[in-house]
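A short reminder: the numbers here are calculations on the coordinates, not readings from a lab. As the structure is a computational prediction, the values presented were derived from the model and not from experiment. Cβ placement follows ideal geometry from the backbone for every residue including glycine, while neighbour counts extend to all protein chains displayed.
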Amino acid sequence: MAQIRMNNGKKGNTFTARVRIKNKEITRTFKRKTDAKKWAQKQEDQFDLGRFPNNEAQKRSVADLFKHYLKSMEREKPKGYKKLKEHLNWWQTHLGTLKLFEVEAVNICLAREELLNETTYRGKLRSPSTANRYMSSLRMAFQFGVQRLGWLPFNIVKQIAQLAEPDTPGRFLDRKVELPLLAEACGKSRNKRLLPLFMLAIGLGLRRNSLVGLHESEVNLSERTVQIPRSRMKRDNMITLTVSDELFPYLEWLYEHRNLSTGLLFPGSKNPSKPMDFENAWKNALKRAGIENYRFHDNRHSAGSYFTESGCTLAEVAALLGQKTLVMALRYSHISDEHKAKKAPEMSKACLAKTAAAVRSHLKPLQSDS
């Protein structure tokens, strides 16, 4: 049975709720008696549902949970660790001092509202999609507290519904008009690696990070293949792709102009040990070509469209793009490596041959490469 005690203080009266369950007593002080009663009733209800917080939930803070979780994830999932830490650092600023048993859905929802109302470094408000990614990181951390640490009886974050995300289908380039225009604009860029980057992105359908991190050890010029390791694939599956005759000159040029000390084909101008930053060059190329509403990631959508136009099945497109969607189709469509290897060259010949040949003259020796 809960007890409510009134305290007389210098700043006015407060009310302390005491709940004793299984010889354990927890207390919490409120400014209003009504809030104290509600809290005490909730603790008793939680016990009836088998959700009464254990000793660890009463002793440990949210910051303690994040510390243990990040330590494990740094070892187990190093690829996504940086983004995960960024998310949890934000949550720690807003929830870190709370004891685990004190965290309620309302605390999380109010913090999420603050997240949505904050301005990013780009001067824009965070989108519902971004907020959902932050919530996902928080949910995984609390699940770690339930399953791995045993600090929590249940995951309260799972009770909170995700925000509705706008349906923003990917855009693809019209290959007869927009593709040649953008390729020519990339060729005129001061960043001479932008054109090869664009052509390989369109021809292979690789994600940005998979492509800009390309290393000399991942390129086989004699077999005309590139092999992207698991560490740079979103789905943790290594992929080997054949480069077509139309695109091979771009790969060969990149290999010849790789940074000899780091081996990167797209080295950064200031720090050659890291991939180059091409965002400004890309935006300028889009502006020169007069193409709007097109992100670099949309090159994957263009590639997927061209693969389909050249006769690939949906299962083949999923395999070429390294996706794990169309699970049933992939499960029953056993695509051999030999068959996959033929598809990228087929698409290049059908969709890219004319454009690739027209802008190849932009591949000129670099004077300042090491």
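A few remarks follow.
- Entries of Lys33/Lys158; Lys176/Lys283; Lys188/Lys287; Lys124/Lys283; Lys192/Lys287; Lys77/Lys283 with Cα pairs more than 23 Å apart: Lys33/Lys158; Lys77/Lys283
- Rg followed by Dmax, in Å, when segment 178-362 is reduced to its Cα trace: 15.8, 48
- Cα extents of the chain along the three principal axes, largest first (Å): 85, 47, 39
- Using a simple spin-label model with pseudo-atoms 7 Å out from Cα toward Cβ, Thr16 and Gln58 lie 1.4 nm apart.
- Approximate shape of segment 59-159 as ellipsoid semi-axes (Cα gyration tensor, √5λ), whole Å, largest first: 22, 17, 11
- Relative contact order computed over the chain (Cα-Cα under 8 Å; 6+ residues apart), in percent: 13
- Note on Leu149 and Tyr81: with the Förster distance fixed at 25 Å, the Cβ-Cβ geometry gives a FRET efficiency of about 0.85.
- With contacts taken as Cα pairs under 8 Å and at least 6 residues apart, segment 59-159 reaches a relative contact order of 30 percent.
- Segment 92-130 residues near the modelled Ser136 label - backbone nitrogen below 12 Å, point 7 Å along Cα→Cβ: 129-130
- Only lysines eight or more places from Lys83 in sequence, or on another chain, were considered; those with a Cα closer than 18 Å are Lys67, Lys71, Lys234, Lys274.
- Stretch in the chain that is longest and holds no GluC sites (Glu not before Pro) that DSSP places in a loop and that have at most 15 other beta carbons within 10 Å: 119-222
- Shown here for segment 54-141: chymotrypsin sites (Phe, Trp or Tyr not before Pro) in loop regions (DSSP other than H, G, I, E, B) with at most 10 other Cβ atoms within 10 Å, namely Tyr121.
- For Phe30, the amide hydrogen comes within under 5 Å of the amide hydrogens of Phe15, Thr16, Ala17, counting only partners 5 or more places away or on other chains and with H modelled in the peptide plane.
- Segment Val177-Thr240, extension gain: residue separation times 0.36 nm, minus the distance between their alpha carbons: 19.7 nm
- Every helix of 4 or more DSSP H residues in the chain counts as -39500 (n - 2.57), and over all residues that averages to -14000 deg cm²/dmol at 222 nm.
- Shown here is the pair-distance distribution of segment 167-222: with all Cα-Cα distances grouped in 10 Å bins from zero up to the longest one, the shares run 19, 46, 29, 6, 0 percent.
- Extension gain, Lys274 back to Ser231 (0.36 nm per residue minus Cα-Cα distance, nm): 14.0 nm
- Segment 120-260 shape via C-alpha gyration tensor axes, a/c threshold 1.5: prolate
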